1. Determine the shape class of the chain: with a ≥ b ≥ c the square roots of the Cα gyration tensor eigenvalues, call it rounded for a/c under 1.5, and otherwise prolate if a/b is greater than b/c, oblate otherwise.
2. Which value, in debye to the nearest 20, describes the size of the charge dipole of the chain about its Cα centre when Lys and Arg Cβ atoms bear +1, Asp and Glu Cβ atoms bear -1, and nothing else is charged?
3. Tell me what the chain gives for mean residue ellipticity at 222 nm when only DSSP H runs of n ≥ 4 count, each as -39,500 (n - 2.57), the sum divided by the residue total, rounded to 500 deg cm²/dmol.
4. Of all the accessible heavy-atom surface of segment 41-121, with the other protein chains kept in place and a 1.4 Å probe, what percent is carbon and sulfur?
5. Evaluate the distance, in nm, between pseudo-label points positioned 7 Å from the Cα of E95 and of K199 along their respective Cα→Cβ axes.
6. For the chain, what is the relative contact order in percent, using Cα pairs closer than 8 Å and at least 6 residues apart in sequence?
7. What nm value, rounded to one decimal, do you get for the distance between S163 and Q184 when each label is placed 7 Å out toward the C-beta?
8. Got the relative contact order for segment 104-228 handy, in percent, Cα pairs under 8 Å and 6 or more residues apart?
Amino acid sequence: MKLKKNDPDFFEIFNNFNNNEILEYVSISKRTRFIVTLATLITNTSKEKYSIAVRDALEVLGPIEIKEVLYQSVAYVGLGKIFELFEITNNVLTENGIDLPLKSISTVNSENRHEKGLEIQKRYFGSEMIESMIENAPEGQERFNDFLAGFCFGDFYTRDALSDQDRELITFSILATLGGCENQLRGHVLGNLNVGNDKDILIDALTILLPYIGFPRTLNALAIINEY
């Protein structure tokens, strides 16, 4: 790694903090740590570290699970920012003897994707909250709630391979990494709690995120977790 060769002092500081101090405080599984790490590296478009993380993640995650973290990220980060990461992911998988394309795990079609996405929204956040959001959409802006239900939740959250807990933790990690998304982060902290990711899991995930997102975003996310 070029950083280790050219900036040995910084590499040692980061390595000690990330591997020694951080891991001392977390109890989530190695699998979950990799899901959180992949999500933040995707969001930051950290191409070199993401490539390494994909390779290392194959120890505890299947190739479909790794791809699902990337797919889900599109709805939050945007395709333009992470398009190249698809090629990086495919290259790493191919180099590790995995045949592409992977099997399809879609469970919806064009006729039911909106309905199924809306069902997931209501399960995660409560029917009252979602119905209120839909009813109170400003005139002419209803399309955004439709996009949210059909695309974000219908096209991605309905897919197999990852659990509800996995998917909400991915979203929490992405929003915490992005920063400036406190309203959405607040909603997805609630979503995490509703699907079984308790406060300790969220704090462990945030501890893993800290070296990658810095203290301001970490402390903002921590304050939101502590509202519950």
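1. oblate
2. Charge dipole of the chain: 520 debye, to the nearest 20.
3. Numbers: 13 runs with 154 residues, N = 228.
Rounded to the nearest 500, it is -21000 deg cm²/dmol.
4. On the way: 1970 of 4120 Å².
Carbon plus sulfur share of accessible area: 48 percent.
5. Label-label distance for E95 and K199, simple model: 4.3 nm.
6. Details: 243 pairs, mean separation 59.3, N = 228.
The normalised contact order for the chain reaches 26 percent.
7. It is 2.5 nm.
8. Details: 125 pairs, mean separation 32.6, N = 125.
Value for segment 104-228: 26 percent.
The values are calculated or read from the model by the stated rules, or taken from the named source; none is laboratory data. None of the values given here were measured: they were computed from a predicted structure. All Cβ positions, glycine included, derive from the backbone under ideal geometry; neighbour counts span all protein chains shown. All accessible areas refer to the heavy atoms of the entire protein, side chains included, with ligands and DNA or RNA removed. Shrake-Rupley method; radii C 1.70, N 1.55, O 1.52, S 1.80 Å.
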